[in-house]
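The values are calculated or read from the model by the stated rules, or taken from the named source; none is laboratory data. Small disclaimer: the values here were computed from a predicted structure and weren't measured. Positions of Cβ are backbone-derived with ideal geometry, glycine not excepted, and every protein chain shown enters the neighbour counts. SASA here: full protein model, heavy atoms, side chains in, ligands and nucleic acids out. Shrake-Rupley method; radii C 1.70, N 1.55, O 1.52, S 1.80 Å.
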Amino acid sequence: MTSSDATPLAGLGADPRVAVIIGSTRPTRVCPGIARWVAGAVQEDSPLRYELVDLAEVNLPFLDEPRKAASGQYEHEHTKAWSRLVSSYAGFMLVFPQYNWGYPGVLKNALDFLYHEWADKPAGCVTYGARGGSKSAAQMRGVLQGLHMRVLDEHLEVVIAATDVDEDGQILDLEALMHPYLAEAKAIDAALVEAIKDSQ
Ligand SMILES: Cc1cc2nc3c(=O)[nH]c(=O)nc-3n(C[C@H](O)[C@H](O)[C@H](O)COP(=O)(O)O)c2cc1C
């Protein structure tokens, strides 16, 4: 995705990149579709460059670093690569489902691998579930605050009703499901723009 059609805003450096993190990795997950929709919707008018980061592709093991992340001393190449990738982004949009009233362990694991790389960077949450995933969002806010991220007030909770999915849990009409959330998605983008401007 590019921001070539967007109008640069005063005070915003060239092309700041935002990672839209796909925060579930099940083989039959719906997360990539939702993340792609949100990234596409906000990209249209944004001076930011949104890029999808799929935790299934990042493919981290369970945290296996001998030293705590705050030391910044990493032993494994997968951690160093993840550190480089996360460091390269000015902000984050985390897209994840509610699992048993919490967030997916794979996302927490990916966060726990690093520390300084997340600090002071803005983060917006997009959650989904039968009631929008508000419990997972609330727990994640605490985690992100623990990482000293700038957690945006603006967020999005996608309610996925039983009638929105087929018998395999796949979303029947992604556009129809997501379109009502367009304004909220754009509000996250606007908040990210402001937060990134402030930090430059
Ligand atoms: C382990 C697990 C726990 C779940 N717990 C909840 C829950 O607490 N609340 C809810 O609304 N939906 C829950 N669901 C339903 C998910 O919202 C739904 O399966 C969604 O598609 C999961 O996202 P994913 O497909 O990207 O993994 C759960 C699903 C799984 C697999």
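Where both partners of a DSSP beta bridge lie in the chain, what percent of those bridges are antiparallel, to the nearest 5? Write out the running numbers ahead of the final one.
On the way: 2 of 25 bridges.
Taking every DSSP beta bridge with both residues in the chain, the antiparallel ones total about 10 percent.
Using a simple charge model, +1 on the beta-carbon of Lys and Arg, -1 on the beta-carbon of Asp and Glu, nothing else, what dipole does segment 28-83 show about its Cα centre, in debye to the nearest 20? Before the final figure, lay out the partial values.
On the way: 6 positive and 9 negative charges, 26 e Å.
Dipole of segment 28-83, to the nearest 20 debye: 120 debye.
Lysine pairs in the chain with alpha-carbon atoms under 22 Å apart, 8 or more places apart or on different chains: how many are there?
Here the count comes out as 10.
Give me the accessible area of residue 149, 1.4 Å probe, in Å² rounded to the nearest 10.
In the full protein context, residue 149 sits at about 20 Å².
Compute a Gaussian network model of the chain, connecting alpha carbons closer than 10 Å, and tell me which residue from 133, 23, 33 fluctuates the most.
33
Express in nm, to one decimal, how much length is gained between residue 100 and residue 63 on full extension, taking 0.36 nm for each residue of separation and deducting their alpha carbon distance. Can you show the working numbers first?
Numbers: separation 37, 0.36 × 37 = 13.32 nm, distance 2.18 nm.
Length gained, residue 100 through residue 63: 11.1 nm.
If I take every Cα pair under 8 Å that is 6 or more residues apart in the chain, average their sequence separation and divide by the length, what percent do I get for the relative contact order? Intermediate results must be reported in sequence, preceding the final value.
Values: 355 pairs, mean separation 46.7, N = 200.
The normalised contact order for the chain reaches 23 percent.
Filter the GluC sites (Glu not before Pro) in segment 105-169 down to the DSSP loop ones having no more than 11 other Cβ atoms within 10 Å, then list what survives. Numbers along the way, then the final one.
Details: sites: 117, 154, 157, 167; in loops: 117, 154, 167.
Those satisfying the criteria are 167.
Please state the charge dipole magnitude for the chain, taken about the Cα centre, from unit charges on C-beta atoms (+1 on K and R, -1 on D and E), reported in debye and rounded to the nearest 20. Working shown, then result.
Values: 17 positive and 27 negative charges, 134 e Å.
With only Lys, Arg, Asp and Glu charged at Cβ, the dipole is about 640 debye.
If the elastic network links every pair of Cα atoms under 10 Å, which of 98, 145, 43 fluctuates the most in the Gaussian network model of the chain?
Of the options given, 145 has the highest mean-square fluctuation.
Which value, in Å³ per residue, describes the convex hull spanned by the Cα atoms of segment 143-192? Intermediate values should be presented prior to the final figure.
On the way: hull volume 4.9 nm³, N = 50.
With only Cα atoms used, segment 143-192 gives 99 Å³ per residue.
Scaled to the compact-protein estimate 2.2 N^0.38 Å, what is the alpha-carbon radius of gyration of segment 80-156, rounded to two decimal places?
Details: Rg = 12.0 Å, N = 77, 2.2 N^0.38 = 11.5 Å.
Output field value: 1.05.
With charges set only on the Cβ (+1 for Lys and Arg, -1 for Asp and Glu), what does the dipole of segment 97-200 come to about its Cα centre, in debye to the nearest 20?
Values: 8 positive and 16 negative charges, 100 e Å.
Charge dipole of segment 97-200: 480 debye, to the nearest 20.
Given the alpha-carbon gyration tensor of segment 47-200, what are the semi-axes of its equivalent ellipsoid in whole angstrom, ordered largest first, with each equal to the square root of 5 times an eigenvalue?
On the way: eigenvalues 150, 76, 37 Å².
Gyration-tensor ellipsoid for segment 47-200: 27, 20, 14 Å.
How big is the shadow of the Cα convex hull of segment 51-96, averaged over all directions, in nm²? Walk me through the numbers on the way to the answer.
Values: hull surface 15.3 nm².
Orientation-averaged projected area of the Cα hull: 3.8 nm².
Take the Cβ-Cβ distance between residue 162 and residue 119 as r, set R0 to 45 Å, and report the resulting FRET efficiency rounded to the nearest 0.05.
Numbers: r = 40 Å, r/R0 = 0.89.
So the FRET efficiency works out to roughly 0.65.
Just 21, 188, 171 to compare: in a GNM of the chain, with alpha carbon springs under 10 Å, which one fluctuates most?
171
When the helix-only estimate is applied to the chain (DSSP H runs of n ≥ 4, each -39,500 (n - 2.57), divided by the residue count), what is the mean residue ellipticity at 222 nm, nearest 500 deg cm²/dmol?
Numbers: 7 runs with 71 residues, N = 200.
Calculated at 222 nm, the ellipticity per residue is -10500 deg cm²/dmol.
State, to one decimal in nm, how far the label point of residue 199 lies from the label point of residue 73, with both points 7 Å from Cα in the Cβ direction.
Going from the residue 199 label point to the residue 73 one covers 2.7 nm.
I'd like the trypsin sites (Lys or Arg not before Pro) in segment 119-175 restricted to DSSP loop residues with at most 13 other Cβ atoms within 10 Å, sorted by number.
Working: sites: 131, 135, 141, 150; in loops: 131.
Filter output for segment 119-175: 131.
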